[in-house]
Amino acid sequence: MPARWSASLVWALAAALAVFWGLRLFVPAQPVPSQARLAEAGGALAGDLTRLLGAAPVAVRRPTPRPASA
């Protein structure tokens, strides 16, 4: 009796896989809507990631302005 159940289970799995791949391969894909736009990745990673990854903050030296000679 267990052999019948396992054989039925294997054949049910085979039928489910055939239906799944049949639907994936033979059904046409839906077209992209006309109002769809691509996402812009310009500003997402603009900052410095070293502090996020655990590095200590680095002090930035700014040049001191020289006095104008007369």
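Ratio of alpha-carbon Rg to the 2.2 N^0.38 Å globular estimate for the chain, to two decimals, please.
2.86
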Worksheet item: Modelled label-to-label distance, Ser69 and Leu17, 7 Å Cα→beta-carbon offset: nm?
Response: 8.5
Worksheet entry | Length added when fully stretched, Gln35-Val60, from 0.36 nm per residue minus Cα-Cα | 4.5 nm
Worksheet item: Quick one: which of 9-21, 48-60 comes out on top by average Cβ neighbours within 10 Å, and what's the full order, highest first?
Response: 9-21, 48-60
Worksheet item: Any idea what angle helix 2-26 forms with the longest principal axis of the chain, computed on alpha-carbon atoms, 0 to 90 degrees, nearest 10?
Response: 50
Worksheet item: Roughly how big is the chain's charge dipole about its Cα centre, with Cβ charges of +1 (Lys, Arg) and -1 (Asp, Glu), in debye to the nearest 20?
Response: 280
Worksheet item: What is the spin-label model distance, in nm, from Ala7 to Arg51 if the labels are put 7 Å beyond Cα along the C-beta direction?
Response: 7.0
Worksheet item: Which value at 222 nm does the chain reach when only helices count, each DSSP H run of 4 or more adding -39,500 (n - 2.57), with the total divided by all residues and rounded to the nearest 500 deg cm²/dmol?
Response: -12500 deg cm²/dmol
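Each reported figure results from applying straightforward, stated rules to the coordinates on display, with no laboratory input. The structure presented is a predicted model; accordingly, all values stated were derived computationally and were not measured. Here the Cβ is made from the backbone with ideal geometry for all residues, glycine too, and neighbour counts use every protein chain on show.
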